[in-house]
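Throughout, read-outs are computed from the coordinates displayed, never taken from laboratory work. Given the structure is predicted, the values throughout are model-derived calculations rather than measurements. Positions of Cβ are backbone-derived with ideal geometry, glycine not excepted, and every protein chain shown enters the neighbour counts.
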Amino acid sequence: MYSSTLYSRKNSECMILGISTDFVFSSFLVLQFCWFYPGSTLLCDVLDNVNMALVTKRKPWLGGNWKSNGTKVQVQKLVDQLNSFKFNIEKLDVVIFPTFIHLHLTSALTSQGYAIGTQSCSATKSGAYTGEISTEAIKDLEIGTTLIGHSERRQYYGETDDVVAKKLKIALENSLCAVVCIGETLQEREESKTTEVLHRQIDAIRDCPLSAQSVVIAYEPVWAIGSGKVATPEQAQEAHQTIRHYLKEKVSAEFAENVRIVYGGSVNAGNADCLIALEDVDGFLVGGASLKPEFGTIIQSVASAS
Ligand code: PEP
């Protein structure tokens, strides 16, 4: 269904002096339209689309989720590996998510191109909440990003949509960037409930103060995480497009157009090129492969799509 348009935008876009060929072509059509139909209300729609063409240039985003892995020695090796990869930070955001106890070591050892984030955060403020890591404490460590609602947190630690919304709200209030993970289980997909689940998970967060600068949405089908099963390009594009359309309807056109929607679920060096070429895929959240040398190849794939 999507295959004819899957690769259209990224392959056709050619930026000349910051103006895309899409924009030049659209402007030409608008001028013609104005000439023949002055005063038409349809003109507003056309201008709206031209406006969209102007803002559509999302900076790719890549996350490496180390999950609950690593010793001090392994962290040192992983960071040595990261420091050997080269990419242009103007064109790509790369965020590494080590365990809480390896945050300091990772951030001390990584070269400047990488940002460091936490894999979760507390839904409560600093105070009498034993074992919790508050967003104030994260901010104080100069860590700028947190994952929220990863399916492993939802599945094994009872994080409901409500908890995810509370975490997101408090993270944004403390000026953290948040990567909100959403996605359906295998059973939900097999019961054709993917859209319903994605809508429900977006409904839970849509009243938070969302901005494209501080929020990344990670579409992570639960059945693809750590399973070696990757979504097909059609499945990934369809889900990302569903998310973007719903955000446009329920949040704003501006947010929907500019927010990075990244894919997660068994991304590796072999499938990254194909997935990053998709119209609505703006990067990846990578688990297993971020612990391997192939993460360097994934960085190159995402960087070359920008
Ligand atoms: C993840 O941890 O978010 C993830 C997508 O894991 P993996 O790449 O191993 O499937």
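Quickly rank 265-277, 240-252 as a protection proxy: mean count of other C-beta atoms within 10 Å, highest first. List each step's numbers first, then the result.
Numbers: 265-277: 20.5, 240-252: 17.5.
Peptide ranking by packing, descending: 265-277, 240-252.
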For the stretch 235-240, what does the Karplus curve 6.51 cos²θ - 1.76 cosθ + 1.60, with θ = phi - 60°, yield as ³J(HN,Hα) per residue in whole Hz, taken in order and with x for Gly and Pro? 5, 5, 4, 4, 5, 5
What span do the alpha-carbon atoms of the stretch 149-306 cover on each of the three principal axes, reported in whole Å from largest to smallest? 38, 33, 26
Net charge around Leu92, counting only other residues with Cβ within less than 14 Å of its Cβ (Lys, Arg = +1; Asp, Glu = -1)? +3
Can you give the local net charge around Tyr219? Use residues other than it whose beta-carbon is closer than 13 angstrom to its beta-carbon, Lys and Arg +1, Asp and Glu -1. -2
Given Cβ point charges of +1 (Lys, Arg) and -1 (Asp, Glu) and nothing else, what value in debye, to the nearest 20, does the dipole of the stretch 172-261 about its Cα centre take? 140 debye
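In this model, which of Lys193/Lys250; Lys67/Lys166; Lys59/Lys139; Lys229/Lys250; Lys86/Lys167; Lys72/Lys139 are farther than 28 Å apart at the alpha-carbon?
Result: Lys229/Lys250; Lys86/Lys167 exceed 28 Å.
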Amide H of His150: which non-local residues (sequence gap of 5 or more, or other chain) have their own amide H closer than 5 Å, using H built in the peptide plane? Cys181
Binning every alpha carbon pair distance of the stretch 92-199 at 5 Å from zero, what are the percents per bin? 2, 12, 20, 21, 18, 12, 8, 5, 1, 0
Under the Karplus relation with 6.51, -1.76 and 1.60 and θ = phi - 60°, whole-Hz ³J(HN,Hα) for the stretch 101-115, x at Gly and Pro, equal 6, 9, 4, 5, 4, 5, 6, 5, 9, 6, 6, 5, x, 9, 9
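How do Asp162, Asp282 rank when sorted from fewest to most other Cβ atoms within 10 Å of their own Cβ?
Values: Asp162 10, Asp282 26.
Lowest count first: Asp162, Asp282.
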Going by average Cβ neighbours within 10 Å, how do the peptides 200-207, 215-222, 124-131 rank, with the highest at the top? 215-222, 200-207, 124-131
Straight-line reach from Lys169: which aspartates and glutamates have Cα under 15 Å away, leaving out those fewer than 8 places along the same chain? Glu136, Glu159, Asp161, Asp203, Asp207
Along the positive direction of the dipole of the stretch 61-304 (beta-carbon charges: Lys, Arg +1; Asp, Glu -1; about the Cα centre), which of Val216, Ser290, Cys274 reaches farthest? Ser290
Given H placed on each backbone N at 1.01 Å, which residues far from Arg260 in sequence or on other chains put an amide H within less than 5 Å of it? Ile217
